[in-house]
1. When the residues of the stretch 1-31 are filtered to those that are more than 13 Å from the chain's Cα centre (by Cα) and at pLDDT 90 or above, which remaining residue is surrounded by the fewest Cβ atoms within 10 Å (Cβ to Cβ)?
2. Select from the stretch 36-50 the residues that are part of a helix (DSSP H, G or I) and touching a helix residue (DSSP H, G or I) at 6+ places or on another chain (Cβ under 7 Å) and list them in ascending order.
3. In this structure, is Gly58 part of a helix (DSSP H, G or I), among the small types (Gly, Ala, Ser) and more than 18 Å from Ala16 (Cα to Cα)?
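The values are calculated or read from the model by the stated rules, or taken from the named source; none is laboratory data. As the structure is a prediction and not an experimental result, all values here were calculated from the model. Here the Cβ positions follow ideal geometry from the backbone for every residue, glycine too, while neighbour counts run over all protein chains shown.
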Amino acid sequence: MLAQFVRLRVIDPEDAYWRRGIEAAGRWLRETGNTVLRVPYTVITPEGWGAVGGYPLGQWLADQRRT
């Protein structure tokens, strides 16, 4: 968990982290065919999704909804 935090928050700047979240959310909608972003908190995008693979989409969406 700590390594993931360091990678996403320290190594990757915040704006890059946010952009990847938007990209992952769009990809989630396309892949699932859903029209709403009801993503479980524990969802991490599949590694095969390229630049947004392995992204903690569920956590990111929860954070976005809190702010």
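1. Looking at the filtered set, the residue picked out is Arg30.
2. Trp49
3. The answer is no for Gly58.
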